[in-house]
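Okay, structure first, notes after.
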Amino acid sequence: MNRPELVCPAGTPSALRTAVDAGADAVYCGFQNATNARNFPGLNFTIDELGKSVAYAHARGRKVLLAVNTFPPAGKTALWRDAIDVGHRLGVDAFIVADIGVADYARRTASDTRLHLSVQAAASSPEAIRFYCREFNVRRVVLPRILTVSEIQALGKEIPCEMETFVFGNHGLMVEGRCSLTNYITGLSTNMDGVCSPAAEVRYAALPGGGLASQLGGFTIDCFAAKEKAGYPTICKGRYGTACRDTPYYAFEEPVSLNLSPLLPDLVRSGVHAFKIEGRQRSRAYVRAVVAAFRQCVDAIVSGADPQLAELAALTEGGKETEGAFKSKSWR
Amino acid sequence: MTTARLTLGPVLCHWPPEKLLDFYARIADEAPIDTVYLGEVVCSKRVPFFEDHYGEVADRLKRAGKKVVFSSLAEVMLKRERI
């Protein structure tokens, strides 16, 4: 049985050390700018921090994967080239890229560093994945969260690279790397500026009766009663009034988290090479708990034991979990 | 100075064929558009409703001087979508 790699998120150097100490095989992170898809204030790494973090991980036999997974707008490609140049110089173990221009640049200038295809590229067919492998020598594809386990197994037989699947964390229904909802409200692009619902546009307004309204750029995304836990105003997870319902409802989707821990044995058997935990924006406590739980789970599966699934529901968004499309297409 | 050119993206709505035919007839006859993207990009299950009409729509748009580009699905997953 192959031993799948556990790929864990780090929004800060301390989260990276926490993930490594909790058992991550690889940690992914990004620079403090638009070159990565979690471009939030207070998150991500300076050049100096990344250098020290690479040293910390490598000293313990772990890997650092650099996310350079947004799409450079025309005429502004220097920032993305710099990210590849610096990452290469600091000795990261792989670049996670989505844009074909960035992939091409990395292939030509940093050919000794592995390329992973980001989920943001939304490559879901063997033809698409083989294109990236052939043109840019992509070694691993991070699969969009739309395939069932059996589809993943079939796909693995038709592509020449490793497969990585998300197993825990945020779960959006949009076509990966193509969502423009934030643009409509804030003028900033999730895919080019790297930020969905930028913090500077977020407000929480008090409602009569003690509730809270979560707002983005002046638009109310959701209203919470006094006893409800107020969520972050992510547009696709808000409650909206529409002509077809009397009361506001989750018109796109309910805020739920992906949790594939029950499907891990199937995914290992399906030939998945790496499991990814989402959440570079989450706390160190979250990283520690989730990474440790999945470490235990993966080790148990590999050694042939029954995995003891830790209680992770408390860490999921809104306390609700889903196996998404992985188990069945009927999840929506 | 360059002249601005207008491009119409593929229709994302699931309109009945008559409505779609009428829409493209008006684009051909009335709209100052240079390039028209045709094709189903959202869901392969919708394709049978309109696939017999693409030829005539493309011909009509081309006769009206438009450049026609055929678009494929944004997200390809199933075997039947790959053919």
- Message: Using 28 Å as the Cα-Cα cut-off, could you pick out the over-long pairs in B:Lys19/B:Lys66; A:Lys327/B:Lys79; A:Lys76/B:Lys66?
- Response: A:Lys76/B:Lys66
- Treat the count of other C-beta atoms within 10 Å as a stand-in for reagent exposure and order A:Tyr56, A:Tyr28 from fewest to most. A:Tyr56, A:Tyr28
- Could you give me the ³J(HN,Hα) list for segment A:2-9, computed from phi with Karplus coefficients 6.51, -1.76, 1.60 and θ = phi - 60°, whole Hz, x at Gly and Pro? 6, 9, x, 7, 9, 9, 10, x
- Task: Provide the per-residue ³J(HN,Hα) series for segment A:168-174, in order, calculated from phi with Karplus coefficients 6.51, -1.76, 1.60 and θ = phi - 60°, each as a whole number of Hz, with x at glycine and proline positions.
- Result: 7, x, 3, 9, x, 9, 6
- Task: Rounding to the nearest 20 debye, state how big the charge dipole of segment A:1-156 is about its Cα centre with +1 on each Lys and Arg Cβ and -1 on each Asp and Glu Cβ.
- Result: 160 debye
- Task: Let me know the longest stretch in chain A that avoids all GluC sites (Glu not before Pro) found in a DSSP loop with at most 12 other C-beta atoms within 10 Å.
- Result: A:1-157
- Task: Find how many whole Å separate the alpha carbon centroid of segment A:4-18 from the alpha carbon centroid of segment B:28-83.
- Result: 45 Å
- Message: Can you work out the Karplus-derived ³J(HN,Hα) for every residue in segment A:135-143? Use 6.51 cos²θ - 1.76 cosθ + 1.60 with θ = phi - 60°, whole Hz, and x for glycine or proline.
- Response: 7, 10, 6, 5, 9, 8, 10, 8, 6
- Task: Using only the Cα atoms of the protein assembly as shown, construct the convex hull and provide its projected area averaged over every direction, in square nanometres to one decimal.
- Result: 23.7 nm²
- Item | Degrees between helix B:17-30 axis and first principal axis of chain B (Cα, 0 to 90, nearest 10) | 20 degrees
- Using a simple spin-label model with points 7 Å from Cα along the Cα→Cβ vector, what separation in nm is obtained for A:Asn137 and B:Glu30? 5.6 nm
- Working from the pairwise distances between different alpha carbons, so that the mean of 1/r is found and then inverted, what is segment A:186-237's Kirkwood radius in Å? 11.5 Å
- Just from the alpha-carbon atoms, what are the Rg and Dmax of chain B in angstroms? 13.6, 47
- Query: Which of the residue pairs A:Lys63/A:Lys237; A:Lys52/A:Lys276; A:Lys276/B:Lys45 have a Cα-Cα distance greater than 25 Å in the structure shown?
  - Reply: A:Lys63/A:Lys237; A:Lys276/B:Lys45
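Each reported figure results from applying straightforward, stated rules to the coordinates on display, with no laboratory input. The shown structure was predicted, so the numbers you read here are calculated from the model rather than taken from an experiment. Quick reminder, even Gly has a Cβ in these numbers, built from the backbone with ideal geometry, and neighbours come from all protein chains shown.
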